[in-house]
1. Quick check: residue separation of I368 and H471 times 0.36 nm, minus the Cα distance between them. What number comes out in nm?
2. Rounded to the nearest 0.05, what FRET efficiency do E323 and K61 have when you use their Cβ-Cβ distance and R0 = 60 Å?
3. Measure out, as a whole number of angstrom, how far apart the alpha-carbon centroids of the range 168-202 and the range 2-28 sit.
4. Tell me the net charge near Y16. Cut-off is 10 Å between Cβ atoms, Y16 excluded, with +1 for each Lys or Arg and -1 for each Asp or Glu.
5. Could you estimate the translational diffusion coefficient of the range 434-476 from the Stokes-Einstein equation, with Rh from the Kirkwood formula over C-alpha pairs, at 37 °C and 0.692 mPa s, in whole µm²/s?
6. Quick one: net charge of E215's neighbours, Cβ under 14 Å, K/R +1, D/E -1?
7. Taking a point 7 angstrom from the Cα of Y453 along the C-beta vector, which residues in the range 282-305 have backbone N less than 14 Å away?
8. What lysines sit close enough to K287 to cross-link, taking a C-alpha to C-alpha distance under 18 Å and skipping anything fewer than 8 places away on the same chain?
Amino acid sequence: MKPLSIVIASAEAYPYVKVGGLGDVVGALPREFTKMGHRVTLFLPLYRTIDIDRFGIKPVKNVKPIPVDMAGRTEWMRPFSCEDKTGFKLYFIENSNYFSRDGVYTDPKTGRAYPDDGERWTFFARGIIETIKALSLSPDVVHCNDYQTALVPVYIKEQGILPDTRTIFSIHNIGYQGKYDPSILSFIGVGKNRFYPMSPFEFYGKVNFMKLGIEYADRITTVSPTYAEEIKTPEYGYGLEGLLSKYSHKLSGILNGIDYDIWKTENNPNLPFSYTSEDLSGKRMNKLELIKELGLPKEALDLPMLGIITRLAPQKGIDILEEIFPRFMMRDITFVLLGTGEPDYEEFFEKMALSFPKKVSANIRFDIGLSHRILAGSDILLIPSRYEPCGLTQMFAMHYGTVPVARKTGGLTDTITDFTENPESGTGFLFEEYDPEALLKAINRAITVFEDYPTWRKIMIRGMRKDFSWHQSAKIYTQLYTE
Ligand code: ADP
């Protein structure tokens, strides 16, 4: 395949900045493409939290600060850059007014999105376009991710620039669309005279960035084949189902992978002990270490330990978990949570940890090291999501020999095989209905099998030997780019 020049734009990419799965995915893809011989340029905002010294991020020489007209006010944009150690280029869009904040999307003080959300992402898209122009980049493809970068294809088409470039828009989560009051059009600078029903710029009286991305991009992808079907239905499409059905010919689902250089059970700096599918003894030692780290009683070592690592958002099925909690606590188990998000959910788990100190450990913070140790130390990982575009934690879990109990939706359907239905090939336990009883039943099914160790061990080993690498998906992306 001829090497391609690929520009990727995203609000997150690990290790520079990560909030959720988007960070993992956009962290891994540029590396994968670079390994395949393609030339990759990644655009991120220069958040205050990015460690510029660690990554050697510096202002781009020969490019002066560029004025950007934001509804009559001039904001200055300055591109910074660095080279990733795996060999691709990064550009960072700098503006202290928009990006020098403590949170990426939400203000940690209020737990809410910043009030100027639409303005910030408009500025980011314009900064990308201005940098592309200033540096005379002429990529084969520009690949945008989620609503924060959805305006990039709009500017490319509306300004008639980059005639030989094609645009891809990837939907990582349709629950977050970027919907704003029409006054945002003054900041966007185009579409003001096109705010009428059925126009790309109008969506039920608002401006919807994700709708714009879908309308303007040459191809649309989402992060699993099942989710690509689901988002064409009213239950999952969040109002965009009609539009996605209309554009079904340019929509495809490409499953995310996981980065085995980071998510590994051997020589992982985050784990006290290494282990493999041939020798699982290190997993039990990691469980014991985790029990000590979290202050749980030593007896927990022989009980099933159920973990959950998640944003505490309604999407993640926290309400059905809360509903079963009293009955769940009647069992001989331990429950370990790592997550942050909605204050009500945080409080609930903090309270549960106080009520059941020997059974529950609630870790209300963002802690990547602990996420590895919970994945390695637990027996079961819970993922009761209402919807799940792809989901990464179930793949990490299986790779770490931890068996997922998950709702049968989106990427969870595409990556987990239910044991009860497929005893010879099962890798986890799935339930269909979004319902507390269904979740409890699935947990009970899992615990029953856990008590039969030889069978449980087979499920663990099957999960560990699955191939969730990026290799296959990166190939499918580049086929799409070539098309
Ligand atoms: P989403 O992108 O919807 O949040 P995914 O399962 O695709 O869900 O990805 C979530 C990513 O964020 C995983 O890498 C997971 O380990 C990580 N994560 C979520 N919450 C935390 C937390 N509190 N601390 C550390 N990592 C977290």
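Quick note: the coordinates plus some simple rules give every number you see, no bench work behind them. Predicted, not measured: the structure shown is a model, and the values here were computed from it. Ideal geometry is used to build each Cβ from the backbone, glycine not excepted, and the neighbour counts take in all protein chains shown.
1. Full-extension gain reported as 34.7 nm.
2. Values: r = 58 Å, r/R0 = 0.96.
Between E323 and K61 the formula returns 0.55.
3. When both Cα centres are located, 23 Å separates them.
4. Details: positive: K18, R54; negative: E12, D51, D84.
Neighbour charge sum, excluding Y16 itself: -1.
5. Details: Rh = 12.8 Å.
Rounded, D is 257 µm²/s.
6. Numbers: positive: K157, R194, K211, R219, K246, K250; negative: E158, E202, D218.
Surrounding charge for E215 is +3.
7. Backbone N within reach: 282-285, 301-304.
8. Straight-line reach from K287, under 18 Å: K264, K298, K358, K359.
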